[in-house]
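First up is the structure itself, then whatever we jot down about it.
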Amino acid sequence: MCGIVAYIGERNAYEIIVKGLKRLEYRGYDSAGVAVLNDSSLRVFKKKGKVSDLENFIGTEKLPSSIGIGHTRWATHGEPNDINAHPHTDSNNKMAIIHNGIIENYSTLKKELTNKGHQFRSETDSEVLIHFIEDIRDNNQCSLEEAVRLALSKIVGAYAIVIVSEDDPNTLIAARKGSPLVIGVGKDEYFIASDATPIVEYTNEVAYLNDYEIAVIKRDKLKIKNIEDVDSNPYIQTIDLELEAIEKGGYEHFMLKEIFEQPRSIADSMRGRLNAEKGYLVLGGIREYSHKLENAERIIILACGTSWHAGLVAEYFFEEFCRIPVEVEYASEFRYRNPVIKEGDVCIAISQSGETADTLAAIELAKSKGAIIFGVCNVVGSSIARASHEGAYIHAGPEIGVASTKAFTSQLTVLFMIAIKMAYNKGTIKEAKYRQMLVELEQIPNKVQQVLENSSEQIELISKIFMFARNFLYLGRGYNFPVALEGALKLKEISYIHAEGYPAAEMKHGPIALIDVEMPVVFIATKDSSYEKVVSNIQEVKARKGKVIAIVTEGDDLIPKMAEYVIEVPSTNEALMPLISVIPLQLLSYHIAVLRGCNVDQPRNLAKSVTVE
Ligand code: G6P
């Protein structure tokens with residue numbers, strides 16, 4: 001979490017930084033700040049609230065400057081307020097730092113520095129880091145670049161930092177370990193940011209900084225070295241990211257845009273990989289290690305949040321089609337156990353951002369024990385993508401809304417393709433079934449389009465009826481059980497209504513006690529192998545006067561007689577149903593949140609890319 005932006009060149013740094021921070025607000029939005037060198041003197045502005053609050057605070061003051069740094073914060077140490085906002089400065093207010101990550105040994109450092117006479121204004125770990133750098137520079141009488149290197153070699157934790165200093169007004173120093181950092185390369189100018197979205201407007205040429213690397217950036221030169229002081233050549237690559245993909249395009253919220261984009265984003269996940277008519281399915285990123293996947297004795301899926309729900313659906317894919325046992329692990333739990341991993345075990349790490357700290361740490365742990373890692377990520381060049389041995393991008397395009405929608409359906413698309421391709425190669429599904437699955441998959445974008453066209457208005461109406469509910473229960477079985485979890489998570493995240501997802505049959509072991517006339521129960525009750533059993537569960541809820549909202553397959557004439565509200569979706573193979581049945585749930589949470597006046601794209605306390613533990 002936290003977004004960082006910096007610029008050095010001939011343009012107005014302040015304008016570029018503020019625009020960039022707005023693009024990165026999904027990473028954190030509790031306070032924001034900028035520091036620019038104005039006639040070689042450092043000017044720092046910080047404000048609690050959004051980037052627009054910072055802009056209002058600065059007002060019309062002209063800040064002509066061609067070098068500067070900026071930050072949008074998601075608080076870790078210290079409450080969100082003006083003082084804890086970044087940038088933070090050294091004792092003399094001559095240099096400033098922006099930081100994304102956590103300095104774990106900050107309290108020891110803070111004590112040592114306080115004993116030496118340093119005074120701190122904020123409660124943040126980041127301020128300690130800039131004082132530590134200052135202290136090293138003054139004691140060793142060395143350059144800032146060297147002081148940063150020496151300081152970072154003693155830091156425990158994660159960081160992406162950029163530093164600007166009055167003493168060297170033509171240089172920015174950036175470094176990373178664990179938190180992302182991209183450098184955009186222009187002609188005699190450089191753009192630095194947590195991801196490429198603030199950069200693509202100006203250049204498509206980027207260099208990704210690796211862990212333990214430090215960049216010394218002047219207008220006309222980019223020098224990279226590592227923490228051991230060994231130089232390396234920047235590897236500059238061209239990225240394919242269009243500006244329109246990161247703008248709202250007429251929608252009121254990014255989340256709504258991203259929900260409606262799904263017919264296209266799901267098709268994009270298949271593009272160039274699948275041709276059902278020809279029976280063609282190729283995943284270019286899974287080659288060298290594909291036999292490891294096919295012959296794995298078990299698969300461990302590592303993920304967090306919505307990606308973990310995609311992992312639960314994938315468990316069913318791999319077990320049903322490939323007959324390989326699967327364990328789906330919360331990355332945060334996995335990394336702190338002593339998990340049993342054997343040489344040759346296979347892990348699939350799923351992450352939209354590719355930067356989630358817990359998932360990344362879980363991968364490193366599994367790798368250290370000899371596991372082969374397959375990454376399923378959205379953000380190209382992200383840390384998880386690079387830490388994986390092989391993998392497949394989901395190609396959903398940038399997802400800005402904090403609540404994940406299109407990434408989930410694209411993750412399912414890619415995981416499904418991996419599973420059936422492996423199953424076909426292993427011989428655990430027959431050619432005819434394989435071909436039929438490819439055809440079904442290719443039809444999904446059209447079916448999602450139908451749901452969006454046919455159910456949006458009805459869901460808006462249902463949302464008006466239930467917008468004041470205090471609790472929701474989501475129930476489903478089989479492939480629709482993870483969808484129930486995802487529906488409940490979406491509602492919690494953006495509308496702040498308490499919601500629980502449960503396997504429908506588990507209802508009788510607890511949640512049934514909650515059901516009364518006030519309790520809306522969302523059943524994902526499409527026609528599949530557990531349909532009859534779910535119908536019985538609906539009756540159990542009705543008998544207790546719960547209000548049933550059911551997602552059913554088109555043409556179902558039984559459930560409409562029982563449920564108060566019914567939303568129809570087209571039929572498909574039951575394994576693919578989550579791609580369709582989740583759409584009404586995304587819309588339901590969106591409309592309820594809007595009606596309740598919640599900030600849909602930036603829900604309180606959340607961040608999109610969780611780069612801290
Ligand atoms: C945060 C986001 C979720 C996301 C989760 C995992 O909690 O708000 O939407 O599902 O992180 O993120 P990842 O980028 O690893 O998929």
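Some notes on this structure:
- Applying 0.36 nm per residue to the separation of Glu532 and Glu613 and subtracting their alpha-carbon distance, the gain on full extension is 24.9 nm.
- Model label sites at Val517 and Asp188, defined 7 Å from Cα along the beta-carbon direction, differ in position by 7.7 nm.
- In order along the stretch 147-164, the phi-based Karplus estimate (6.51 cos²θ - 1.76 cosθ + 1.60, θ = phi - 60°) of 3J(HN,Hα) comes to 5, 5, 4, 5, 5, 5, 5, 10, 8, 9, x, 10, 7, 10, 10, 9, 10, 10 Hz; Gly and Pro are listed as x.
- Gln539 paired with Asn210, simple spin-label distance in nm, labels 7 Å along Cα-to-beta-carbon: 6.3
- Helix-only arithmetic for the chain: the sum of -39500 (n - 2.57) across DSSP H runs with n ≥ 4, divided by the residue total, places the mean residue ellipticity at 222 nm at -11000 deg cm²/dmol.
- C-alpha long axis of helix 406-426 to longest principal axis of the chain, angle in °: 70
- Ranked packing of 287-299, 560-572, 197-209, most packed first, by mean Cβ within 10 Å: 197-209, 560-572, 287-299
- Derived scalar couplings ³J(HN,Hα) [the stretch 464-478; Karplus, 6.51 cos²θ - 1.76 cosθ + 1.60; whole Hz; x for Gly, Pro]: 4, 5, 9, 4, 9, 4, 9, 9, 9, 10, 10, 10, x, 10, x
- Per-pair calculated FRET efficiency, R0 = 45 Å: Asp138 and Gln237 via Cβ, rounded to 0.05: 0.70
- Cα-based Lys pair tally, the stretch 140-232, threshold under 14 Å, eight or more apart or on separate chains: 4
- Listed by chain and number, the lysines placed with their C-alpha closer than 20 angstrom to that of Lys406 are Lys248, Lys257, Lys447, Lys490, Lys492, Lys608; residues fewer than eight positions away on the same chain are left out.
- All lysines inside 20 Å of Lys533 as judged from Cα atoms, apart from same-chain residues fewer than 8 positions distant: Lys508, Lys542, Lys545, Lys547, Lys561
- Calculated on the alpha-carbon coordinates, the convex hull of the chain measures out at 155 cubic angstrom per residue.
- Full-extension gain in nm, Glu247 to Lys111, via 0.36 nm per residue minus C-alpha separation: 44.5 nm
- For the stretch 224-338, the gyration tensor built on C-alpha atoms gives a rounded shape. Its axis ratio a/c (a ≥ b ≥ c) stays under 1.5.
- Interchain or long-range residues, amide H under 5 Å from Tyr330's placed H: none
- Per residue, the average separation of C-alpha pairs within less than 8 Å and at least 6 apart gives the stretch 133-182 a relative contact order of 28 percent.
- Overall form of the stretch 326-459 per C-alpha gyration tensor (a/c, 1.5; a/b vs b/c): oblate
- The overall shape of the stretch 481-558 is oblate: from the C-alpha gyration tensor, with semi-axes ordered a ≥ b ≥ c, the ratio a/c is 1.5 or greater and a/b is no larger than b/c.
- Under 5 Å between amide hydrogens, built in the peptide plane, is the criterion, and for Ala550 it picks out Phe523, Tyr565, Val566, Ile567 among residues at least 5 positions away or on other chains.
No lab work stands behind these numbers, since they all come straight from the coordinates. Please read all numbers here as calculations on a predicted model, not as lab measurements. Using ideal geometry, Cβ is built from the backbone for each residue, glycine included, and neighbour counts are taken over all protein chains shown.
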